[in-house]
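Trainee: I have a structure here, written as structure tokens, and I will follow up with some questions on it.
Each reported figure results from applying straightforward, stated rules to the coordinates on display, with no laboratory input. Treat the numbers as computed from the prediction; the structure is a model and nothing was measured. All Cβ positions, even for glycine, are placed from backbone atoms using ideal geometry, and neighbour counts span all protein chains on display.
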Amino acid sequence: MKIATYAGVSALLEKYAHKPRKSLGQNFLIDQHVLGKIIRAADISQQDSVLEIGPGLGGLTEALAEHAGSVLAVELDKYLAATLEETFANHSNVEIVQADILEYKIPSHINKVVANLPYYVTSPIVMQLLENYQFKSITVMVQKEVAQRMVQTKPGKSYGALSLAIQYHAEAEIAANVPPNSFIPRPKVGSAVVHMKVREEAPVKADKASLFANIKAGFGQRRKTLVNGLHSAELYDLTKEELADVIKDCGFSENVRGEALSLDDWARLTRAFSK
């Protein structure tokens, strides 16, 4: 019996008398069709060494073990990590580690990441993976609203600092939409699988630290104009008027807001301010 099924998950929850912890975003996948979409989106093969974050009861771990050369599954919940050790005791290509992924040093042999991320830590985990490592790809299941922000490449309703950061580091797309009834317990909102093909080089030319400092200031308070955001952040020894002049010299209105600028626009502004 496969783990990522209603019967499989129910049996393990009963066997280990485990109650899903809402505080850790524990929703266990029970849909083999969705599982297949994740594996195909991540393009897993025997040549891959895969990091799985938050394996839970091991439904995705089981599928990864069938397709990948090796699987390193990092689980925060100590109790679940112990059950996973028992479940995969006979899988020579699966290693279980109990750790907080935000504090864990990922081994250098890992080339792909697959994860079912809880909403409250999606952004920190994704940014740490992109900023500190050079994987071939990262495939994550997240809340649908977050997924839309992650793949947004043009200014709009779902556009923000996360959109720009992911666009800088990777080419992202939604590989599958996942309904609430694909999980136990059933979440209140839908999910989506986002596949990120990590770039080998940045798509724009600008000092990276300065670029993201500007973006952070521009989105720090979305209701503020870019001038006010930059002035509040005190990134430059310039008056509001001087900041406005630089912005206008780049071809933007002095009242422009951060969400109206593309990644290319932000890079152009960063280069202008560096002068």
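Trainee: Mind checking the full-extension length gain between ASP237 and LYS78? Use 0.36 nm per residue of separation minus the Cα-Cα distance, one decimal, nm.
Mentor: 52.3 nm is the gain from fully extending ASP237 to LYS78.
Trainee: Now for a different question. Return the distance in nm (one decimal) between the two label points of a simple spin-label model at TYR104 and ARG223, each offset 7 Å from Cα along Cα→Cβ.
Mentor: So the two model labels end up 4.1 nm from each other.
Trainee: Once every DSSP H run of n ≥ 4 in the chain is given -39500 (n - 2.57) and the sum is divided by its residues, what mean residue ellipticity at 222 nm do you get, rounded to the nearest 500 deg cm²/dmol?
Mentor: Here the helix-only value at 222 nm equals -11500 deg cm²/dmol.
Trainee: For the stretch 120-254, would you read off the P(r) tail past 18 Å as a percentage of all alpha carbon pairs?
Mentor: Summing the P(r) tail past 18 Å for the stretch 120-254 gives 61 percent.
Trainee: Rounded to whole Hz and in sequence order, give me ³J(HN,Hα) for the stretch 202-211 from the Karplus expression 6.51 cos²θ - 1.76 cosθ + 1.60, θ = phi - 60°, writing x for Gly and Pro.
Mentor: For the stretch 202-211, the Karplus-derived couplings read 5, x, 10, 9, 5, 4, 4, 4, 5, 4 Hz, x marking Gly and Pro.
Trainee: So how tilted is helix 6-15 from the main axis of the chain? Cα-based, degrees 0 to 90, rounded to 10.
Mentor: That helix lies at roughly 70 degrees to the long axis.
Trainee: For the stretch 9-27 and the stretch 144-169, compute the distance between their C-alpha centroids and round to whole Å.
Mentor: Spelled out, the Cα-based centre of one part sits 32 Å from the other.
Trainee: Still on this structure, please answer the following. Mind giving me the nanometre distance, one decimal, between the label points for GLU200 and LYS136, set 7 Å out from Cα along Cα→Cβ?
Mentor: 1.3 nm
Trainee: Turning to a different aspect of this structure: For the stretch 208-274, what is the Kirkwood hydrodynamic radius in Å, using each pair of distinct C-alpha atoms?
Mentor: 11.4 Å
Trainee: Can you compute log10 of I(q)/I(0) for the stretch 85-191 with the Debye formula, treating each Cα as one identical point scatterer, at q = 0.23, 0.24 Å⁻¹?
Mentor: So the normalised log intensities work out to -1.36, -1.41.
Trainee: Pull up all non-local amide H partners of ILE110: gap of 5 or more, or a different chain, and H-to-H distance under 5 Å with H placed in the peptide plane.
Mentor: Long-range HN contacts for ILE110: none found.
Trainee: Quick one: net charge around TYR104, please, counting Lys, Arg +1 and Asp, Glu -1 for every other residue with C-beta under 13 Å from its C-beta.
Mentor: Local charge sum for TYR104: -4.
Trainee: Considering the Cα positions of the stretch 6-78, please state its Rg to one decimal place and its Dmax as a whole number of Å.
Mentor: 12.8, 37
Trainee: Could you please tell me the mean projected area of the C-alpha convex hull for the chain, averaged over all directions and given in square nanometres to one decimal?
Mentor: That works out to 15.0 nm², a quarter of the Cα hull's surface.
Trainee: May I ask you to order 125-133, 54-62 by the average number of other C-beta atoms within 10 Å around their residues, highest value first?
Mentor: In descending order of packing, they fall as 54-62, 125-133.
Trainee: From the convex hull of the Cα coordinates of the stretch 43-122, what is the mean projected area in square nanometres?
Mentor: Averaging across all directions leaves 5.1 nm² for the Cα convex hull.
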